[in-house]
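Input: a single structure, listed below in structure tokens.
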Amino acid sequence: MIKTNYHSHSSFCDGEGRLEEYVEYALSQHMQALGFSGHAPLPFSNAWTMDEEALSLYLGQAQHLKDLYRGRIELYTGLEIDYLDETHNPAHSYYEALDLDYRIGSVHMLPDPENGEFYSVDGPTDEIEHLLNKVYKGSAEKMISAYYSQLQNMVRIGGFDFIGHLDLVKKHNRKMDFFSEKEEWYQSLITGVLDTISVYGRMVEVNTGAIARGYTDEPYPSPWILKMCFERNIPIILNSDAHKPSWVGFGFNEALEIITGAGYSRGMALLQGKWQEVQYG
């Protein structure tokens with residue numbers, strides 16, 4: 001099986017370790033390709049994305065490593081870019097000008113209309129509680145509906161190669177227990193989201209990052225959602241969302257069991273400079 005990973009975060013943003021450490025670990029795992037995907041700058045101060053100065057250093061270091069490791073492993077420079085609204089999203093011309101190899105489109109945050117600030121749907125806990133209790137008045141359904149509405153807006157606008165951690169809202173649900181994936185309203189939301197993804201032909205990643213970090217026992221998206229993706233012929237890509245070098249490729253064997261159980265035998269990979277199908281299993 002061809003092994004690749006295009007979702008990784010170094011010390012340039014909220015990960016640990018230098019870019020070169022990720023490359024060396026990927027080589028030790030016999031990876032054919034590795035992508036760097038630091039969190040792109042946001043228009044406000046925060047603790048987990050790069051600022052523009054760090055971005056410039058990141059891009060330079062990534063190019064240096066591409067040259068250094070040429071012929072040993074395929075390296076690609078990407079960014080994970082947040083959809084906030086129509087003015088800040090992966091399709092913005094700012095990112096087009098960077099000449100990236102690929103872009104991940106993700107939704108991490110929702111706004112509070114009263115103060116204009118954004119709060120994360122995947123932690124820390126106090127930010128989730130602010131959204132759930134203050135902005136959405138205790139309604140998990142309304143908060144999660146807003147998340148998936150943002151995700152669908154991002155899908156329609158485009159500007160990315162694949163969707164990051166589709167059902168990120170479940171990250172802290174094991175601890176906080178604020179909704180059930182079996183509820184009809186939730187499954188209806190997922191159906192609508194996947195139908196939109198299918199219409200626009202977007203790729204969805206299978207992401208093992210929350211398993212590595214101890215938040216969940218299964219990847220994003222949940223196995224039942226992955227089966228729905230297969231039914232709609234939505235292409236997938238396997239990633240580990242590594243925040244440490246040793247998490248590159250974490251949980252891939254277990255994820256492949258879920259992937260094949262959902263019906264998939266092939267996925268997508270960026271190889272030789274283009275997206276192409278590869279065999280799983």
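Please determine, by comparing only the residues of segment 77-113 that are in a loop (DSSP other than H, G, I, E, B) and of a type in the set (D, E, K, R), which one is surrounded by the most Cβ atoms within 10 Å (Cβ to Cβ).
Result: D101.
Set side by side, the residues G214, G192, G267 differ, and just one is under 30 Å from N133 (Cβ atoms), outside any loop (DSSP other than H, G, I, E, B) and of a type in the set (G, A, S), which is G192.
Contact map, segment 183-198: residues that are surrounded by 15 or more Cβ atoms within 10 Å (Cβ to Cβ) paired with residues that are not in a helix (DSSP H, G or I), Cβ distance under 6 Å, separation 6+ or inter-chain. Pairs shown: L194/R232; I197/I234; S198/R232; S198/I234.
Confirm whether G17 is in contact (Cβ under 8 Å) with a residue 60 or more places away in the chain, surrounded by 19 or more Cβ atoms within 10 Å (Cβ to Cβ), among the small types (G, A, S) and more than 23 Å from L166 (Cβ to Cβ). So G17 fits the description; yes.
Among the residues of segment 1-13, are any outside any loop (DSSP other than H, G, I, E, B), of a type outside the set (S, T, N, Q) and modelled with pLDDT of 95 or more? Scanning segment 1-13 turns up no residue that is outside any loop (DSSP other than H, G, I, E, B), of a type outside the set (S, T, N, Q) and modelled with pLDDT of 95 or more.
Identify, please: which residue in segment 125-147 is β-branched (V, I, T) and out of contact with any His (no Cβ under 7 Å at 6 or more places or on another chain) and is, among those, surrounded by the most Cβ atoms within 10 Å (Cβ to Cβ)? Here the residue is I144. Of the residues making up segment 41-55, those that are loosely packed, with under 12 Cβ neighbours inside 10 Å and farther than 21 Å from F160 by Cα are S45, A47, E53. Taken as a whole, the structure places L189 among residues that are in contact with a Ser or Thr (Cβ under 7 Å, 6 or more places away or on another chain) and hydrophobic (A, V, I, L, M, F, W, C).
Scan segment 68-76 and give yes if some residue there is in a helix (DSSP H, G or I), of a type in the set (G, A, S) and out of contact with any helix residue (DSSP H, G or I) (no Cβ under 9 Å at 6 or more places or on another chain), otherwise no. Checked against the condition, which is being in a helix (DSSP H, G or I), of a type in the set (G, A, S) and out of contact with any helix residue (DSSP H, G or I) (no Cβ under 9 Å at 6 or more places or on another chain), segment 68-76 yields no hits at all. Against the numbered list (1) more than 21 Å from Y148 (Cβ to Cβ); (2) modelled with pLDDT of 95 or more; (3) more than 18 Å from the chain's Cα centre (by Cα); (4) not in a helix (DSSP H, G or I), E254 comes up short only at (4). Return a yes/no flag: does segment 56-64 have any residue that is of a type in the set (A, V, I, L, M) and surrounded by fewer than 18 Cβ atoms within 10 Å (Cβ to Cβ). Within segment 56-64, one or more residues are of a type in the set (A, V, I, L, M) and surrounded by fewer than 18 Cβ atoms within 10 Å (Cβ to Cβ). Within segment 199-211, being assigned to a helix (DSSP H, G or I) and touching a residue at least 12 places away in the same chain (Cβ under 8 Å) holds for Y200, G209, A210, I211.
A count restricted to segment 153-162 and to residues that are buried (at least 18 other Cβ atoms within 10 Å of the Cβ) and either in contact with a helix residue (DSSP H, G or I) (Cβ under 7 Å, 6 or more places away or on another chain) or outside any strand (DSSP E or B) (or both) stands at 4.
The values are calculated or read from the model by the stated rules, or taken from the named source; none is laboratory data. Since we're looking at a predicted model, the values are computed, not measured. Here the Cβ is made from the backbone with ideal geometry for all residues, glycine too, and neighbour counts use every protein chain on show.
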